[in-house]
Structure formats: C-alpha cells, structure tokens
1. Where does the Debye-calculated log10 I(q)/I(0) of the stretch 184-482 sit at q = 0.07, 0.10, 0.16 Å⁻¹, using only Cα point scatterers of equal weight, no solvent?
2. Considering the convex hull of the alpha carbon atoms of the stretch 284-348, report its projected area averaged over all viewing directions, in nm², one decimal.
3. Give the distance, in whole Å, between the Cα centre of the stretch 269-292 and the Cα centre of the stretch 387-453.
4. Just rank 266, 407, 341, 307, fewest to most, by other beta-carbon atoms within 10 angstrom.
5. Roughly what % of DSSP beta bridges within the chain run antiparallel, to the nearest 5?
6. Would you indicate which of [x] 17, 39, 27, 13, 3, 0; [y] 24, 58, 17, 1; [z] 19, 46, 21, 6, 5, 2, 0, 0 is the value of P(r) over Cα pairs in 20 Å bins from 0, in percent derived from the coordinates of this structure?
7. May I ask you to sort 189, 275, 514 by Cβ crowding, counting other Cβ atoms within 10 Å and putting the fewest first?
8. Return 515, 432, 360 ranked ascending by Cβ neighbour count within 10 Å, so the fewest neighbours appear first.
C-alpha cells in the first residue's frame, strides 16, 4: 500500500526533478521509470544469481555480462562520441557509487542503448524502448535522484505497482480516460478463479502496467512450475502467452518493463485503441481474458469499431468492452472482468441485450459484487466481477452470486490494511477474527464449490445460485439484491389454545380485581355516611 512515508519519499524525488529543471510531469514520470527499471533489473539479476548459487547450477542469463563492453556511441556523422562502457557499470550498486559526472556520462550515453538490447529482435519491449530518451540535464541532479530512489523499499511484490500508481496520480493527464490501477489482491482473486493453464493465450485489452498479466504469470509459476522444464511449454509461456493492449505510450512502456522484470521480455504489449480499431486479426485469438478496463462514458459513433457495434449497438464504453471480450475470446475461452454496476441492471436496450447474450448465447457463471471502496481513492463507483465462458451455444443453467463485504483494507480513501500483508489475497489462511476483514479466501472457496454445495444455499447466505429461468423472468437483471432474501429473526410463539387459556385467566383476574375494588369502595362510602 502507499504509506505516508512512501508518499513523502516519492514527493521528495518529484520535487528534486522539478527544482532541477524538469517541469513536465510526463517527462518526470518517464525518467523515473527508466531508472526504476534499471534498479529492478539489478534486483532480478541478484535474485537469479543467489538462486543459481543455492542450486549449484550455472546462471541461466546474465543481463549485465562483466566482460562485455557496451556499443561505442557514434554521432550521425560517424564520429565516435563516447567509448563503450562495461555493462557491469550499470549494475545498481556500482552505478550509484559513480561520481556525478561519470554517472551522467554512463546514463546519457549508455543507459538507453543498454535497455534497448533487452528482449528479442522485434519484441514489443525493444519497440517501446526505441522511443525512450534520457533527459536528466545534470549529473548533480541524477546523483540526487539515484540516491533517493535507492532508499525506496522495492522488495515487496506490490511496491512497484504502488509506485507507478502514485506517480501516475501526479501526472496531470493521468486518469482522464478513467484509468486506475486494480489492487493486487483483487487481481489475485480473479486470476485464481479463472485458473490460468500453461496452454492458455491470455489478453488484457486495457493492460496499463500489465498487473493482470503479471498476476497470471506468477500463478503459473506457483501452480504449474513443471511447465518451465518442458521446452515447448516454456517457449509458449515466454513468447506467445501474454498479450496486453493500451493506447498510452507511457503505459505501454511501463507494462513492457513490468513484464520484463518478471522474465517476459517478449510479452506482446502493443499499441491498440481497443474500442476504435477493428479486431479481425485478433478475433477468437485468446483463451483467457482478465481485465478492468476504463469506463469513461460514451464514444463518438463514428469512432467505434464496426465489428463491436455489430455485436451490440451502443456507444457506451462499458458495453463496448463487453462486446470486445466476446469478440476476442475463442470458443471455450473464459473471462474474469470488472464492470460498473450499471452493466448488471441498466434498463436501456443495449444493457439488456448484453446480459441476454451472456445468459442465452454464452455461459455466465458468476457475479461477485465488490464493495464500493475497493478502487478508492481513485474511483468510488460500485463494481462487480463477471465470470463467463464463450460457448456460442448457451450453457447458463444458474448464476452464482457472491456478496463481497471486505477485501482486507479499509474502504475509505486511506485504504488502511485491516490485516497483515501476508493475510491479504485469496490464498491467505485466516483466523476467525481475521476472516471478518478479508472475504477473498471465502469467495474463492465458495466459487470452487458452485456446482455442488453452493446450489443448496438459501438466498439469505453470503453466496447462492439463481436458476436461469428466474433471471430471464427478471429481464436478465444481474443485481445481487434482486434475488437476495433478508433473514428475519425467528420468534417462538405459544400454541393458540395456551394463549387463549392465559387470556381467560387474565380476564378472571381482572374481573375479581374489579369486584374487590367495588366492595372496598362501597365500604368506604358507607363509613363516611355513618360519620
């Protein structure tokens, strides 16, 4: 999570860049990203070296070969501007100790060329790095920024994403298209529910920093580690499995670098405006889609890709993305996607048509209602996770609903942890008290039982299954509250005969009491008359 201390450190770096003469927030973001990437590469290399030593095996790949000099820098006229520099000089511990002038020379002449050599020929990472430029003006400023970056805690698996998220919030143009980062534990839940396999081809059509793709990759490493020992499977995983689309150049570079840091330099992180470009070359190309796309309202009718409007006639981005998912999925492909609540119960014709298609023509499997604060402080909109499979022949018998109340963090703008970091996510082992603050393990466990015991749950339970016929009768409404039943406290009543008997006893007691009162009143009147 973004803590106050981490925010302060990033603010200090940002202020140093501004006072050092870089006033464009986008430029600040790009320069910090290059340096963070270099630091991340060194961290990855250090981990690989430790693992190789522990296993007593040769290092699989050396990103910083000490005996290899970088390519000499040559001007446009062919004149040598700078000698080659050993790539080992760019190892972070070595780089940070260079004098400012030498550090500036290394960054100015060798940093970007070094990063451009990563990935295979023609790989998206190389393409995105081709447009990268080093623009920090002085060695003094570079040394200060490097010193501040060295102090950032980068060991946590989610810290890099948090850093990107917070830096994006400082770029004026960020978020204007509805972009915001999906929390890692929500990604983990969606990945676990869809269970990526080594033969999958996975796509996020609005990938941003590639969080969903990284989550899927980590799931495969944990659940299918043997796939890396099979040459064919490994080649598929490392070169053909992961696909991400975005139309923001900075996001593409961030996403490509994020995948590279996790060992996937050849991941297909490419430029594509998913809602406006035709998809003929990608139709039915993917077996798994994981996404939380930006929902920014409506597009101009002329801008929308025609192959999407043929699926659903609308300009609303949330519905167009649903059409896109169906367009990209191959038959049998599955998806877990975040949608705003309006998709679940919107009354317009296009809303109903999208829900009808999911239920009648495809197989809608589940709806997970998320609490409104999950995406705070960047968005407070109510959302849900839709889980479905493309069949083109129906298959929806019943839809599993889950009401997620807590995700392990407070649901206000601060999003403070309510459980320790190792107790976040869907695989956490929780005590009974901790389970009150994190529903994700319960949601995953119930999802896995949706075809069995979950069908017996009453409508008052946290999760239940609603038959297709009932949803159809409700105009394909998918809001959980439409089908929930409120549990009332039960009160045990006495049998009617017993109640009547007690009432008769009460009546006799009252009658006897009135007689006694009348007698006492008569005696009192007689006594007063005698006196």
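1. Summing over Cα pairs of the stretch 184-482 leads to -0.26, -0.54, -1.46.
2. Working: hull surface 18.4 nm².
Dividing the Cα hull surface by four gives the mean projection, 4.6 nm².
3. Taking the Cα centre of the stretch 387-453 as reference, the centre of the stretch 269-292 is 27 Å away.
4. Working: 266 22, 407 25, 341 18, 307 15.
Going from sparsest to densest Cβ surroundings: 307, 341, 266, 407.
5. Details: 24 of 42 bridges.
Expressed as a percentage, antiparallel bridges in the chain total about 55.
6. Recomputing P(r) over Cα pairs in 20 Å bins from 0, in percent here picks out [z].
7. Numbers: 189 27, 275 23, 514 10.
Placing the least packed residue first, the sequence is 514, 275, 189.
8. Details: 515 10, 432 6, 360 14.
Lowest count first: 432, 515, 360.
Values quoted throughout were computed directly from the atomic coordinates according to the rules given, and no laboratory measurement underlies them. The structure displayed is predicted, hence computed values, not measured ones. Every residue, glycine as well, gets a Cβ built from its backbone with ideal geometry; the counts of neighbours run over all protein chains shown.
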